[in-house]
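The values are calculated or read from the model by the stated rules, or taken from the named source; none is laboratory data. Bear in mind that the values here come from a model prediction, so they are computed numbers and not experimental data. As a convention, Cβ positions derive from the backbone with ideal geometry for all residues, glycine included, and neighbour counts pool all protein chains shown.
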Amino acid sequence: MWIEAAGRHGKVGPWKHCFARHVGMTAKTETLPFRPAPTGFEGSGLDDAVRDLITSYHDLNTTLIDELDSEPSPLEFMRYVCRNRPFVVRKGAEDWKARKLWNAEYLCRVMKDEMVNVAITPHGNADSIIELEDDDLLFVKPHETHEPFTHVLRSIQSQETSPLSSSPTPTRYAQTQNDNLRHEYSPLFADVPKDIPFAKIALEKSPDAINFWLGNSHSTTALHKDNYENIYVQILGNKHFTLLPPVEAACVNEKAVLAATYIPRDSVPSSRASTPPGLTESSASSPVADLTEPQQHEEALKDLVVCVDEPEDSVPFATWDPDEPKKRATPFSALSRALRVTLNEGDMLYLPALWYHKVTQSTSPSSSHLSCAVNYWYDLDFSGSFWPLSTFSRGIGLLSTLPQNEGKEELDRERFEDEHLGEHVKMKAVMGMGVDEGACMGGLEWQGMMEEIEDTLMRGVEGTRVVGEGDPEPEYEDCWEGFGYAVEVMHP
């Protein structure tokens, strides 16, 4: 079989007649076969597409992080940005002034008793998921307060060096991510570069925020992602990163989780004293006890309770932990290939935008029993294809991990609306606009139309029913109004 190509003027030659003669067909009846283009997936469903996305990525990318001996050039750095791949520069910040000067004594001498924001939790679990007795989940934020810097640092040290005791010790973490090194901790800003040269040249922008971090081994940052190109520099102690690429969105079991906050039990308003202990409701504007005495303040922080935020809000957050792979896993979690890297003092990590990361810390006597770091956030460039493709990848990951019945219900409802809502709009001219049903048609005719509507609804979604006036109100229902007759579809 052959087909003559288009001529030099772009006109197709007499391929029909040649094709017909070659296969024994007449020119009037020949047709060329059209078939769907191959997808390249092993299967044909959405799950297969997600699985292929993850496995293909890992086939093409190593699970090791590139380690560089010196800072990259702007061009080399831009190549990593374009590929959205992390790297570590070992001892990349060893010559920084902060590396030479910062220790517990120096930090206290410079910051003195400046009041700083500190996040306080009972278990070092700020901005993380907690599980309740009935398997429900909450996204819990830390209790935030202002304390003298010296008190914060000494408390962090004391928790690290003191033996375990029966008395609970609250975990403090200086972690405000609001450009705090150029504001709250400005006396220390002179000890670090104002920019990262290779990043500034390559990205053609200055950092959106420069942050100071101070904690100990009791603090853990739960798996999450940021819309920033991140240059993270370890000054004292060690940080241990667990990294997942954006294509693994289907692995992390992201959920919209009810938001809550830790607050001292003594600060719970008396009007909510009847709420079960350990879980109450609070408002950001709720009155807080006056804890001006240091001893009273410290004792109150030893009894933090979880309070659901008011007004209620949900936070989309990863509920799967790569360090507990069997717990709250999705069908794709087993495909995850986490990258793990430890930052030692003076090391510099490039953490690409939208990478999921979990962070733990460790200290030593040589680090003054502190883990201290500085990071530079450069805003993500939302132009081009990376952002929409990452958003699409996350979207199909979420769709593919919906519970089977939940996903089917949503699809059934959407299909029902597409197929039948148009018919209802047509009926509105007869049944709506406040026209009395008897004025439009006889009773038997009206009854017949309503039976037809009910039959249409029953065909549209299996297990639904029409609820007429005076019927018991269903527990869960959707209602379309404006038809002169209330049509309510109850979810089965």
Review point. Restricting to the range 158-177, what's the tally of residues that are touching a residue at least 12 places away in the same chain (Cβ under 8 Å) and within 19 Å of Ser371 (Cα to Cα)?
Key: 12
**Study point:** Among (1) small (Gly, Ala, Ser); (2) modelled with pLDDT under 95; (3) closer than 16 Å to Ile235 by Cα - the single one Ser167 does not satisfy
**Key:** (3)
Review point. Of the residues that sit in the range 206-226 and are in a loop (DSSP other than H, G, I, E, B) and more than 20 Å from Gln159 (Cα to Cα), which one is nearest to the chain's Cα centre (by Cα)?
Key: Lys225
Check your understanding: Can you tell me how many residues in the range 319-360 are in a loop (DSSP other than H, G, I, E, B) and either surrounded by 19 or more Cβ atoms within 10 Å (Cβ to Cβ) or in contact (Cβ under 8 Å) with a residue 12 or more places away in the chain (or both)?
Key -> 21
Practice item. Could you please find all residues in the range 93-121 being surrounded by fewer than 19 Cβ atoms within 10 Å (Cβ to Cβ) and assigned to a loop (DSSP other than H, G, I, E, B)? Key: Glu94, Asp95, Trp96, Asn103, Lys112, Asp113, Glu114
Review point. Any residue at all in the range 126-149 that is modelled with pLDDT of 95 or more, assigned to a loop (DSSP other than H, G, I, E, B), assigned by TED's automatic domain parsing to the domain that holds Gly215 and farther than 29 Å from Asp195 by Cα?
Key: yes
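For (1) closer than 28 Å to His58 by Cα; (2) of a type in the set (A, V, I, L, M, F, W, C), each residue gets a yes or a no:
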site	(1), (2)
Pro193	no, no
Ala202	yes, yes
Pro207	no, no
His218	no, no
Leu223	yes, yes
Gly237	no, no
Leu244	yes, yes
Lys255	yes, no
Ala260	no, yes
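Please pick out the residue among Leu223, Leu243 that is touching a His at 6+ places or on another chain (Cβ under 6 Å) and under 30 Å from Thr401 (Cα atoms).
Leu243
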Check your understanding: Mind checking which pairs have a first residue in the range 212-232 that is within 15 Å of Ser128 (Cα to Cα) and a second that is acidic (Asp, Glu), Cβ under 8 Å, 6 or more apart or different chains?
Key -> His218/Glu160; Thr221/Asp127; Ala222/Asp127; Ala222/Asp321; Leu223/Asp321; His224/Asp127
**Study point:** Leu380 being modelled with pLDDT of 95 or more, of a type outside the set (Gly, Ala, Ser), closer than 15 Å to Ile235 by Cα and in contact with a strand residue (DSSP E or B) (Cβ under 9 Å, 6 or more places away or on another chain)
**Key:** no
Review point. Just wondering, is there one or more residues in the range 180-190 that are surrounded by fewer than 20 Cβ atoms within 10 Å (Cβ to Cβ), without any contact (Cβ under 8 Å) to a residue 40 or more places away in the chain, touching a Lys or Arg at 6+ places or on another chain (Cβ under 7 Å) and under 26 Å from Pro72 (Cβ atoms)?
Key: yes
Review point. Out of all the residues in the range 399-421, is one or more at pLDDT 95 or above, outside any helix (DSSP H, G or I) and within 24 Å of Asp135 (Cα to Cα)?
Key: no
